[in-house]
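*Asks:* Please read through the structure below; I'll follow up with questions.
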Amino acid sequence: MKIRLGAGKLNMSEASGFTGGFLVGGGNAEFDSICTDSREAGPGVLFVALRGERTDGYDYIPQAAKVGCRCVVAERIDSSLPGEITALIVPDSQRALLDIARGYRERVSCRRVGITGSVGKTTTKEYISAVLAERYMTHKTAGNYNSLIGMPLTLVETPAGTEVSVLEMAMSALGEIEQMSRLARPDIAVITNIGTSHMEMLGSREKIMKAKFEILAGLAEGGALILNGDEPLMLSYSPKPEGTLYVALKNRRADYYAHNIRQCGEGTEFDLTENHNKRTVRDIRIPALGNHNVYAALLAWAVGSVTGLCEDEIRRGLMKYRGAEMRQKIFELCGITIIEDCYNASPESMRAAIDVLVSLGEGGGRTVALLGDMLELGKNTEMYHKSTGAYAAECGVDILFTLGSLARFIAAGALAAGMSDENIFVNIDENTYSATAAELAGVLREGDILLVKASRAIRAERVIGCLSDILVTRSI
């Protein structure tokens, strides 16, 4: 990971002051970028040598020095440290990165929106950023810079003049979101939902909820909390700030309640009742399909309202939403509609993607799903995969392909729910992309709609690449 400081250079004396570490070398050495990978080091770059499970960044300081890096953060010093290096020695390099971000954060005075949740964080971030950009100079988390390493880098990347920063916060253990929230000090906190991702580490949805609500730890005094009002766990959580706002598609009493939802081409329209304002807004449009996008748009509408945007600004912003790479990308390939949704997968996002597939199939054409393994689901992994397959069958998906050793349980669930065995194709080896693509090519025909979705580690997008080669060659 590497970023450029958004509000001017730092020198090593300043970094030492932020962290309490001691310097070896000249304190006047400056840097305008920070990286955690020695391969991205160079002149003017601070290399933060992090200790990982398999590697120790300290071992790569000589490599960084060879390409001109002169500033490093490290946890020890020995004779292998190159003489030209200025080193900031600290007990914990990752903690030092947080401390540098905390100190540098004061250079940019802006409002901050913190977003967490089991699924939908990135989609919600993109909607919120698009809306806020209609009035404010807005900065947002880039890519997947949403971890205890990435989020601090996003903070220091925030450009001078930014008016609102939109920060995505992910986690893999209890306590991580609390650290990020205390660092970011958000003025608005958004929790998208409480799902089943990270069940393997945390064990229950109640513990996942506890982890997500850690975002309150750093919420500014008088700050706003915006929640999914269709999630019973969120409704029951206590204590919550006074004036907490809820968005919903089912709970008619929520502050922002979407209804009359309908597909319009490759977009969605819905009406919105603002119960707290006692008014209804008609015909809101977003350029994406599925109720999960409506939820994200509602959260963006709520954030826009809290930050003072008018209705027209919010409407314009929603229409400027663009999905991130490999997230519900819909395109046509040789007469077949492809829904590429390969960034990640959980039981909740699988169901949302199947809903989109089925809705597109209402216009004609067979619905075909290639579904892969879902990871980090803990002891209920088999059950979650089987219930996903059952959902696909119950929704009327015509043909099911599965990819990966866990995904065979998706096939089993579909079969048990009534899908014909002749319409189910199982491949337990997720590395046989070309074989899976060849199988798909033998089944697909013009007018079909194909959904491809799996956890990131499966790299299911490779199947689409192989399928494209086959179909294009066949059409020549």
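Each reported figure results from applying straightforward, stated rules to the coordinates on display, with no laboratory input. Fair warning: this is a prediction, and the values are worked out from it, not measured in the lab. Backbone-built Cβ (ideal geometry, glycine too); neighbour counts: all protein chains shown.
*Asks:* Calculate the translational D of the chain in whole µm² s⁻¹ from Stokes-Einstein, where the hydrodynamic radius comes from the Kirkwood formula applied to all Cα pairs, the temperature is 37 °C and the viscosity 0.692 mPa s.
*Replies:* The Stokes-Einstein estimate is 137 µm²/s.
*Asks:* As an exercise, identify the GluC sites (Glu not before Pro) in the stretch 243-316 lying in DSSP coil whose Cβ has no more than 14 other Cβ atoms within 10 Å.
*Replies:* 266
*Asks:* Would you mind pulling out the separation of the Cα centroids of the stretch 102-146 and the stretch 399-476, in Å?
*Replies:* Answer, in whole Å: 35.
*Asks:* Binning every alpha carbon pair distance of the stretch 242-312 at 5 Å from zero, what are the percents per bin?
*Replies:* Reading upward from the zero bin: 4, 17, 30, 28, 15, 5, 1, 0, 0.
*Asks:* Distance between Cα centroids, the stretch 180-251 to the stretch 1-68: provide it in whole Å.
*Replies:* Comparing the Cα centres of the stretch 180-251 and the stretch 1-68, I get a distance of 34 Å.
*Asks:* Among the lysines, select those whose C-alpha is under 19 Å from the C-alpha of residue 140, and discard any that sit fewer than 8 residues away in the same chain.
*Replies:* Qualifying lysines at Cα under 19 Å: 2, 121, 125, 320.
*Asks:* Now for a separate question. Plugging the Kirkwood radius over Cα pairs into Stokes-Einstein for the stretch 108-319, at a temperature of 25 °C and a viscosity of 0.890 mPa s, what D comes out in µm²/s?
*Replies:* 144
*Asks:* Right, something else. Under 17 Å Cα-Cα from residue 250, which aspartates and glutamates qualify once same-chain neighbours fewer than 8 residues away are excluded?
*Replies:* 230, 231, 269, 271, 274, 348, 355
*Asks:* Ok, one more. Once you have the Kirkwood Rh of the stretch 67-132 from its Cα pairs, apply Stokes-Einstein at 10 °C and 1.306 mPa s and quote D in µm²/s.
*Replies:* On the way: Rh = 15.5 Å.
Roughly 102 µm²/s, to the nearest whole number.
*Asks:* Which whole-number value in Å³ per residue fits the convex hull of the alpha carbons of the stretch 329-475?
*Replies:* It comes to 89 Å³ per residue, whole-number rounded.
*Asks:* Would you calculate the separation in nanometres between label points at residue 37 and residue 201, each defined as 7 Å from the Cα along the Cα-to-beta-carbon direction?
*Replies:* 2.0
*Asks:* With a Cα-only, solvent-free Debye model of the stretch 143-262, what are the log10 I(q)/I(0) values at q = 0.11, 0.12 Å⁻¹?
*Replies:* Computed log10 I(q)/I(0) values: -0.40, -0.48.
*Asks:* I've got another one for you. Pick out, from 167, 292, 201, the residue whose Cα sits farthest towards the positive end of the charge dipole of the chain, with +1 on the Cβ of Lys and Arg and -1 on the Cβ of Asp and Glu.
*Replies:* Toward the positive end, the furthest listed residue is 167.
*Asks:* May I ask you to compute the full-extension gain from residue 95 to residue 107, defined as 0.36 nm times their residue separation minus their alpha-carbon distance, rounded to one decimal in nm?
*Replies:* This chain segment gains 2.3 nm when fully extended.
*Asks:* Residue farthest toward the positive end of the dipole of the stretch 423-475, with Cβ of Lys/Arg at +1 and Asp/Glu at -1: which of 472, 438, 458?
*Replies:* 458
*Asks:* Right, something else. So if R0 is 51 Å, what FRET efficiency would residue 240 and residue 469 give, r being the distance between their Cβ atoms, rounded to the nearest 0.05?
*Replies:* My answer for the efficiency is 0.45.
*Asks:* Nearest 20 debye, what's the magnitude of the dipole of the chain about its Cα centre given +1 on Lys and Arg Cβ and -1 on Asp and Glu Cβ?
*Replies:* 800
*Asks:* Placing unit charges on C-beta atoms (Lys and Arg positive, Asp and Glu negative, everything else neutral), compute the dipole magnitude of the stretch 353-476 about its Cα centre in debye, rounded to 20.
*Replies:* 220
*Asks:* Scan around residue 46 for amide H atoms under 5 Å from its own, H built in the peptide plane at 1.01 Å from N, and keep only partners 5 or more places away or cross-chain.
*Replies:* Under 5 Å from the amide H of residue 46 lie the amide H atoms of 32, 33, 34, 35, each far enough along the sequence or on another chain.
*Asks:* Near the amide H of residue 407, under 5 Å away, which other amide H atoms are found, from residues 5 or more places off or on another chain, if H is placed in the peptide plane?
*Replies:* Residues meeting the criterion, in which the H sits 1.01 Å from N, are 373.
*Asks:* Rg and Dmax of the stretch 125-193, using alpha carbons, in Å: what are they?
*Replies:* 11.8, 36
*Asks:* Additional query: Can you give the % of DSSP beta bridges in the chain that are antiparallel, to the nearest 5? Before the final figure, lay out the partial values.
*Replies:* Working: 27 of 77 bridges.
Given both bridge residues lie in the chain, the antiparallel proportion sits at roughly 35 percent.
*Asks:* Can you list residues from other chains, or at least 5 along the same chain, whose modelled amide H is less than 5 Å from the amide H of residue 112?
*Replies:* Under 5 Å from the amide H of residue 112: 165, 187, 188.
*Asks:* Hydropathy at least -0.5 by Kyte-Doolittle, axial extent at least 15 angstrom from the Cα trace: which helices of the chain, defined as entire DSSP H runs, fit?
*Replies:* Passing helices, by number: 121-132, 291-306, 347-361, 433-443, 461-475.
*Asks:* Of all beta bridges DSSP finds with both residues in the stretch 2-100, what is the antiparallel percent, to the nearest 5? Can you show the working numbers first?
*Replies:* On the way: 9 of 19 bridges.
Just about 45 percent of them are antiparallel.
*Asks:* Any chance you could run the full-extension gain for residue 334 through residue 274? It's 0.36 nm times the residue separation minus the Cα-Cα distance, nm to one decimal.
*Replies:* Working: separation 60, 0.36 × 60 = 21.60 nm, distance 4.38 nm.
Length gained between residue 334 and residue 274: 17.2 nm.
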